Amino acid sequence: MKNASVMNTSLTQVRRLVVLHAVGLTCTAWAQDTAPTPSPLPVAGEVTIEASAPPPATLTGRIEHIDIQGNTRTQESVILRAMRMAPGDMLTTGDAAELKRRLLNLQLFKSVEVLTRPEGEGVGLQITVEERWTLLPIPVFSSGKGQWQAGVFAVESNLFGLRKTLVGGGMWGNRGGTLFSMYRDPSIGGSPWTGLLSFQFAKTDRERHVRDVIRDTYTDRRFDIAGTLGYQVTPELNVGAGWFSLINKPLALPEGPETPQRGEVHGVSVSAEYLGQDFHFYFNEGLVARALYREGLGFLGSSREMRQVSLFASYTLPVFGNHALTLTAQHGQTRGDAFLDAQLLGGRTGSRGFAAGTLWAEMATSATLEYQVPLWSPSMLTLTAHAFVDVGRVEWRNSLLKYVSPGVGVRAYVREVAIPAVGIELARDPLSGDIVTSVAVGFGF
């Protein structure tokens with residue numbers, strides 16, 4: 001058995017930081033206190049059955065007041081903006097359940113309760129939330145095939161109580177290291193404008209493997225910084241444009257047959273993101289899709305050509321109530337330096353049958369079908385098992401690889417903290433038939 005533990009930390013995945021959990025919510029009406037009515041004494045030999053009264057219906061009408069409780073860290077402005085309702089709006093049948101859905105989709109709360117009461121000539125709303133812990137230090141260790149790395153990342157997904165995300169940290173090992181930071185603002189100054197900044201510095205040995213044989217290798221030194229200004233067109237759809245700078249200073253290794261030349265790329269990017277999923281505890285129901293295009297421009301100082309297209313879509317459907325069936329499709333295409341701009345696949349959804357970073361691609365397309373079931377659910381966490389199959393087509397220079405890689409895994413989702421899962425997956429290497437083990441801590445699968 002081969003062992004290639006990895007941490008799935010692509011930029012898109014880090015941005016996401018999806019927290020999966022599901023809780024129950026009862027939307028009830030507040031009733032005025034009434035004097036208790038004495039119950040008749042039971043007659044000897046009779047069995048008395050107490051019938052539970054059905055909960056009163058949720059009140060409807062003009063919202064006069066909104067009271068928010070339980071938010072010790074999250075600002076009220078974040079909750080009110082997510083509700084998309086304010087005093088003066090009309091509360092109709094079903095709105096209380098919709099408010100609960102919108103607030104849980106913030107992925108900041110373990111539970112949300114919506115209550116109504118008569119107030120003035122309309123309705124008063126009370127929102128009670130129970131928050132999760134969002135500041136997390138995440139230690140990471142990975143090893144396999146003679147490589148090891150250790151490090152730590154700090155993740156805050158509710159910075160200043162305003163749902164802003166800040167990530168920072170690094171890893172180091174016998175093949176080099178990486179420093180990474182990212183800041184995401186979902187609402188600049190409470191407006192529909194959004195922002196994203198990212199920074200990465202890396203000095204790592206890159207290796208391309210074919211049937212366990214190293215075909216190409218060099219030491220990659222890169223400085224990558226990018227920024228995007230976005231606009232929230234709808235609650236689900238965000239579009240943006242930005243800039244990026246990528247500087248490469250590669251070093252040759254003794255066994256490397258070819259080493260790319262130093263180069264710089266400075267250019268622009270456009271992106272779109274659709275988040276149409278409803279938040280549950282260990283899976284998100286619905287569609288999520290992302291598209292990104294980056295191109296280097298000569299008049300900005302680029303010394304080489306680069307164009308990149310990245311497409312991603314995933315849809316999750318509940319099955320039998322608490323099972324989840326997920327279909328994921330990805331496509332990436334790069335025009336530039338075959339070494340410096342290669343997509344590094346392996347160890348993540350779509351290419352889990354390969355060790356991390358060992359499968360290089362100028363064009364890669366993959367699809368994944370996954371089925372997940374809960375195994376055990378005590379009060380603190382839920383343990384799930386899943387089976388999957390990754391199917392892919394990879395092109396690099398003049399080589400073409402088509403593969404099918406089935407696998408299984410387990411994950412643990414913790415209710416109290418804002419990380420998606422801790423898990424392990426076993427997949428079959430489609431070239432050698434060996435088993436590749438991948439481990440993920442904290443970031444999205």
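Between Val373 and Arg211, full extension at 0.36 nm per residue minus the direct alpha carbon distance yields a gain of 55.0 nm. Using Cβ point charges alone (K and R +1, D and E -1), the dipole size of region 135-218 about the Cα centre works out to roughly 160 debye. Counted residue by residue at 0.36 nm each, then reduced by the alpha carbon distance between them, the extension gain from Ala385 to Glu76 reaches 107.5 nm. For Ser187, the amide hydrogen comes within under 5 Å of the amide hydrogens of Gly195, counting only partners 5 or more places away or on other chains and with H modelled in the peptide plane. Total lysine pairs in region 89-221 at Cα distances under 25 Å, for residues eight or more apart or on different chains: 4.
Once the gyration tensor of the Cα atoms in region 151-236 is diagonalised, the equivalent ellipsoid follows with semi-axes of 35, 15, 11 Å, ordered largest first.
Distances between placed amide hydrogens fall under 5 Å for Asp89 paired with Ile63, all partners being 5 or more residues away or on another chain. Treating each Cα of region 372-413 as an identical point scatterer and summing with the Debye formula, the log10 of I(q)/I(0) at q = 0.16, 0.26, 0.29 Å⁻¹ comes to -0.56, -0.84, -0.93. Distance between the modelled labels on Leu135 and Ala338, one decimal in nanometres: 5.0 nm (7 Å Cα→Cβ projection). Ranking Gly195, Pro118, Asn158 by how far each Cα lies toward the positive end of the dipole of region 111-248 (charges on Cβ) leaves Gly195 at the top. Remark: region 208-357 carries a charge dipole of roughly 280 debye about the Cα centre, counting +1 on each Lys and Arg Cβ and -1 on each Asp and Glu Cβ.
FRET efficiency for the Thr234 to Leu400 pair, using the beta carbon distance and R₀ = 45 Å, is estimated at 0.70. Computed from the mean reciprocal separation of all distinct C-alpha pairs, what Kirkwood hydrodynamic radius does region 290-435 have, in Å? When all Cα pairs of region 290-435 are included, the Kirkwood radius is 17.1 Å.
Between Ala252 and Leu311, the modelled label-to-label distance comes to 4.0 nm, taking each label 7 Å out from Cα in the direction of the beta carbon. Think of a 1.4 Å ball rolled over the protein heavy atoms: region 135-292 then has 47 Å² of accessible area per residue. Less than 12 Å Cβ to Cβ from Val319, Lys/Arg counted +1 and Asp/Glu -1: what total charge do the surrounding residues give? Once positives and negatives cancel, what remains is -2.
The values are calculated or read from the model by the stated rules, or taken from the named source; none is laboratory data. Nothing here was measured: the structure is a model prediction, and the numbers come from that model. FYI the Cβ positions are ideal-geometry reconstructions off the backbone, even for glycines, and counts take in every protein chain you see. Quick note on the areas: whole protein, heavy atoms, side chains included, nothing else; ligands and nucleic acids left out. Shrake-Rupley method; radii C 1.70, N 1.55, O 1.52, S 1.80 Å.
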